[in-house]
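Asker: The structure follows.
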Amino acid sequence: MKLASLNNGTRDGRLVLVSKDLTRYTDASFLTPTLQSALDNWSRIAPHLAALATSLEIGAVPTERFHEHDALSPLPRAYQWADGSAYVNHVELVRKARNAEMPESFWTEPLIYQGGSDSFLGPREPIRMADEAYGIDMEGEVAVIIDDVRMGASIDEARAAIQLIMLVNDVSLRGLIPAELAKGFGFFQSKPSSAFSPVAVTPDELGDAWDGGKVHLPLIVDLNGKPFGRANAGIDMTFDFPTLIAHAARTRPLGAGTIIGSGTVSNKLDGGPGRPVEEGGAGYSCIAEIRMIETIKEGKPLTTFMRFGDTVRIEMKDNYGHSIFGAIEQQVTHNGR
């Protein structure tokens, strides 16, 4: 199934089912009004949604044209958004950029922060910022939405709780992060609202690309219409999603609708940092990584962070070239414009 929340003037949107080719949708709000309400009763509602999805594909129900611009994030707001750093190569590079040592425990124990989840951006909504000096960066990620998970859940229980998968642009303000983390209390101002893909999909939609814990497909990141990142989300993921979920649930239960992010998708190359796409590499899913590599090679970063007018596009395609989740496409604009 592919599910979306269409903008109907309410905070949580209207739940619809979207066709596999992302061209059509049918209303699902008569079954349950929002995606969160579906997740609250997933074992009861999911079979009815699946039957409706089958009817959608064979043309047995009324449909309308699906426009990604009309979609909110699948969960326009969530009870919890916990973002990991499962690609430790990324963590190592950005910490070097801040002249911060990386503890060895980062390779054996997941790193997770709790982000703001009350106001996610839509997948085509601008990234409104007051100042370019904040160091505006995109972070292309994969995320899962889970069912209820008990405190102390096992890896197998965590795997069984994964109900939906989607993409993320976890916007980061690199210029604010060092001072904020130096206070010892974590991210806040440096992590504004994130955006998610137009649709969230059930794991079966990914076929063999989903192994129960990772998505084995490239994450396509374009900056101003040019290829920037093609890192494979299934490669160099030190901690898979069941591990991240179990780690998050170690001391607390996780409620249905909790979103768990992978952190920035990042691939190494022959044991070292990856190369830009134009040099035959997998590129990067955020600007901070290429700036660190430039610093290593050139003594200083050459690539600027995002400026007003810049556009980022994040998407993932199947092995036949078909978009799976739709695209996140956002332009950075001055706050108030």
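The values are calculated or read from the model by the stated rules, or taken from the named source; none is laboratory data. All values reported here derive from a predicted model rather than from experimental measurement. Using ideal geometry, Cβ is built from the backbone for each residue, glycine included, and neighbour counts are taken over all protein chains shown. Heavy atoms of the whole protein, side chains included, go into the accessibility calculation; ligands, DNA and RNA do not. Shrake-Rupley method; radii C 1.70, N 1.55, O 1.52, S 1.80 Å.
Asker: Given the options Glu57, Glu64, name the one that is touching a Ser or Thr at 6+ places or on another chain (Cβ under 9 Å), closer than 27 Å to Pro126 by Cβ and not aliphatic (A, V, I, L, M). Step through it out loud before you land on a result.
Answerer: Working: Glu57 fails: closer than 27 Å to Pro126 by Cβ.
Result: Glu64 is the single residue among Glu57, Glu64 that is touching a Ser or Thr at 6+ places or on another chain (Cβ under 9 Å), closer than 27 Å to Pro126 by Cβ and not aliphatic (A, V, I, L, M).
Asker: When you go through Arg95, Arg11, Arg77 one by one, which is the residue that is modelled with pLDDT of 95 or more, more than 20 Å from Val201 (Cα to Cα) and either open to solvent by less than 60 Å² (accessible area, probe 1.4 Å) or within 23 Å of the chain's Cα centre (by Cα) (or both)? I'd like the intermediate steps shown before the answer.
Answerer: Values: Arg95 fails: modelled with pLDDT of 95 or more; Arg77 fails: more than 20 Å from Val201 (Cα to Cα).
Matching residue, one of Arg95, Arg11, Arg77: Arg11.
Asker: Still on this structure: Just give me the residues in region 229-265 being polar (S, T, N, Q), in contact with a Leu (Cβ under 8 Å, 6 or more places away or on another chain) and crowded, with 22+ Cβ neighbours inside 10 Å, in sequence order.
Answerer: To start, the set of residues in region 229-265 that are polar (S, T, N, Q) comprises 232, 238, 243, 251, 258, 262, 264.
Add one more test, that the residue is in contact with a Leu (Cβ under 8 Å, 6 or more places away or on another chain), and what stays is 232, 262.
Listed by number, the list holds a single entry, Ser262.
Asker: Scan region 123-134 and tell me whether some residue there is closer than 25 Å to Asp40 by Cβ, modelled with pLDDT of 95 or more and surrounded by 22 or more Cβ atoms within 10 Å (Cβ to Cβ).
Answerer: Just the residues of region 123-134 that are closer than 25 Å to Asp40 by Cβ, to begin with: 123.
Within this subset, residues satisfying the condition of being modelled with pLDDT of 95 or more are 123.
In the following step, the residues that additionally are surrounded by 22 or more Cβ atoms within 10 Å (Cβ to Cβ) were identified as 123.
Yes, there is a match, as at least one residue in region 123-134 is closer than 25 Å to Asp40 by Cβ, modelled with pLDDT of 95 or more and surrounded by 22 or more Cβ atoms within 10 Å (Cβ to Cβ).
Asker: Strands (runs of 3 or more DSSP E) wholly in region 235-337 with at least 3 residues that are farther than 30 Å from Gln163 by Cα and of a type outside the set (Lys, Arg) - which ones?
Answerer: Result: 328-334.
Asker: Further question on the same structure: So Phe106 clears everything in (1) open to solvent by less than 30 Å² (accessible area, probe 1.4 Å); (2) without any contact (Cβ under 8 Å) to a residue 24 or more places away in the chain except one condition, right? Which one?
Answerer: Status for Phe106: all satisfied but (1).
Asker: Of the residues that make up region 14-22, is at least one among the basic types (Lys, Arg), open to solvent by 20 Å² or more (accessible area, probe 1.4 Å) and in contact with a Pro (Cβ under 8 Å, 6 or more places away or on another chain)? Please lay out each step first, then the result.
Answerer: Residues of region 14-22 among the basic types (Lys, Arg): 14, 20.
Retained after the next criterion (residues that are open to solvent by 20 Å² or more (accessible area, probe 1.4 Å)): 14, 20.
Filter once more, keeping what is in contact with a Pro (Cβ under 8 Å, 6 or more places away or on another chain): 14.
Yes, region 14-22 contains a residue that is among the basic types (Lys, Arg), open to solvent by 20 Å² or more (accessible area, probe 1.4 Å) and in contact with a Pro (Cβ under 8 Å, 6 or more places away or on another chain).
Asker: Moving to a separate point now. Pull out all pairs, ordered by first then second residue, where Cβ-Cβ is under 7 Å, the residues are six or more apart or on different chains, the first lies in region 152-166 and is of a type in the set (S, T, N, Q), and the second is in a strand (DSSP E or B) and open to solvent by less than 50 Å² (accessible area, probe 1.4 Å).
Answerer: Note: pairs meeting the criteria are Gln163/Ile145; Gln163/Ile146.
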